[in-house]
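Just so it is clear, none of the values below were taken in a lab; they were calculated from the coordinates. In this text the structure is predicted, and so the values were computed from the model without any measurement. Cβ atoms come from the backbone with ideal geometry, glycine included; neighbour counts cover every protein chain shown.
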Ligand code: SF4
């Protein structure tokens, strides 16, 4: 969890400020609609504004619930199951809102994505769901393998010689130790194919912020825990993941 801790603080601030931004926007819109309704306008205007008011109210309540849930989870407090469900259901439309707010507030795109993955992870951690090793699929990007290594691990990570130079050897260790299934994939298409073939009940995905968010938005029926990789040599080249973070995540979700 070292990597997560490193990103947590700024991601937390980003999430809170973005959610508060939308809350404020909703409140302003509600005030505007109320003003329009109280003015001397046509009846049709009333109906239109009334409907608009309900829609905005719905979104404001969802944001409030999400904000409340996020605070509770952050401080390790229990959250009523219905609220968790409500926040989980809101995740798909919360991201576009965070994105727009981030743009308006000139936030770095990766910070917004990081905040979203953190919110997703915290929600998942707060649930007490456990899985068998064979039901967990660890999906990692091809760039985790050292560029000079000629072994084709995308077919089978068992081919890795565990020379200790890159994280692929660690994946092999995790597969052997916990019975999880690991796949090194070259992109979204191969990842989707592996998910279809292996039918996991939980996915632990390692990737950059952009790929993780697109995976989270894409995969609807399987919970995905997202781990951001380190890119000491730039994007998509000799990337690294903290073995301890992946191992601790596996341990958290596995049945004992
Ligand atoms: S750990 Fe495995 S994949 Fe990585 S460089 Fe060594 S042999 Fe190649």
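Relative to the longest principal Cα axis of the chain, at what angle does helix 188-198 sit, 0 to 90 degrees, rounded to 10?
70
What ranking, highest mean first, results for peptides 175-181, 217-223 when packing means the other Cβ atoms within 10 Å averaged over each residue?
Top of the packing list down: 175-181, 217-223.
How many angstrom lie between the Cα centre of the stretch 118-174 and the Cα centre of the stretch 14-31?
Measuring centre to centre over Cα atoms gives 38 Å.
Short version: what are the Cα gyration tensor semi-axes of the chain, square root of 5 times each eigenvalue, largest first, in whole Å? Show your work: numbers first, answer last.
Numbers: eigenvalues 335, 68, 51 Å².
One finds semi-axes of 41, 18, 16 Å for the chain.
Run the helix sum for the chain: -39,500 (n - 2.57) per DSSP H stretch of 4+ residues, divided by residue count, reported at 222 nm to the nearest 500 deg cm²/dmol.
Estimated from H runs of four or more residues: -20500 deg cm²/dmol.
Based on other C-beta atoms within 10 Å, arrange 106, 251, 146, 172 from fewest to most.
106, 251, 146, 172
Using only alpha carbon pairs under 8 Å that are at least six residues apart, calculate the relative contact order of the chain and give it in whole percent.
The normalised contact order for the chain reaches 22 percent.
To the nearest 10 degrees, how steeply does helix 209-218 sit against the main Cα axis of the chain, on a 0 to 90 scale?
Roughly 70 degrees between the two axes.
Between the helical axis of 2-38 and the dominant principal axis of the chain, each derived from Cα atoms, what acute angle in degrees is found, rounded to the nearest 10?
Compared with the principal axis, the helix lies near 20 degrees.
Using the count of nearby Cβ atoms within 10 Å as a rough guide to exposure, how do 66, 90, 214 rank from fewest to most? Could you put the intermediate results ahead of the total?
Numbers: 66 25, 90 17, 214 13.
By the 10 Å Cβ count, ascending, the order reads 214, 90, 66.
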